[in-house]
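A short worksheet on the structure shown next.
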Amino acid sequence: QVQLVESGGGSVKAGGSLRLSCAASGYIPSFYCMGWFRQAPGKEREGVAVITNGADTDYADSVKGRFTISRDGTENTLYLQMNGLKPEDTAMYYCAARGFGQCTLSPVQMAYWGKGTLVTISS
């Protein structure tokens, strides 16, 4: 069945970098839209970055210039390069995907979700 498995989370100091990966597998591993979302304790899940299979991207204003989303179609893998990390980036990061449709930063549009990988940034 469709599976999304995140990896690469960890604990780093402010200003550091992390690279998250999401491996997709299943009957429909080649999605039209894939993205990264995050959720901090007590807060709503928010979109971080999304990318279409045509390489169109969108980023949350809070991460523009610091994060870069990309995908490897051959390996069915999604990536999020995070540089210049800040304490406010601390959250559980989730990989998500959907088939044909609008590709936005809204969590409700996504059909498939990974279990998440924790990112903790200390001051």
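The values are calculated or read from the model by the stated rules, or taken from the named source; none is laboratory data. These figures come from a predicted structure and were not determined experimentally. Note that each Cβ is placed from the backbone with ideal geometry, even for glycine, and that neighbours are counted across all protein chains shown. Quick note on the areas: whole protein, heavy atoms, side chains included, nothing else; ligands and nucleic acids left out. Shrake-Rupley method; radii C 1.70, N 1.55, O 1.52, S 1.80 Å.
Numerical summary
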item	result
Leading residue by the ranking (surrounded by the most Cβ atoms within 10 Å (Cβ to Cβ)) among those in the stretch 113-123 that are in a loop (DSSP other than H, G, I, E, B) and among the small types (Gly, Ala, Ser)	Gly114
Residue match in the stretch 24-32 (condition: among the polar types (S, T, N, Q), touching a residue at least 12 places away in the same chain (Cβ under 8 Å) and open to solvent by less than 80 Å² (accessible area, probe 1.4 Å))	yes
Test: residue in the stretch 12-19 that is closer than 16 Å to Thr104 by Cβ and not β-branched (Val, Ile, Thr)	no
Selection within the stretch 28-61 - charged (D, E, K, R) and in contact with a Gly (Cβ under 9 Å, 6 or more places away or on another chain)	Arg38, Asp58
Any hit, the stretch 79-100, residues being free of Cβ contacts under 8 Å to residues at least 40 places away in the same chain, touching a Lys or Arg at 6+ places or on another chain (Cβ under 7 Å) and closer than 19 Å to Val5 by Cα	no
Tally, over the stretch 36-71, of residues that are surrounded by 19 or more Cβ atoms within 10 Å (Cβ to Cβ) and assigned to a strand (DSSP E or B)	12
Count of residues meeting criterion [of a type in the set (Lys, Arg) and crowded, with 21+ Cβ neighbours inside 10 Å] in the stretch 72-112	0
Odd one out for Ser11 among (1) closer than 18 Å to Lys86 by Cα; (2) assigned to a loop (DSSP other than H, G, I, E, B)	(2)
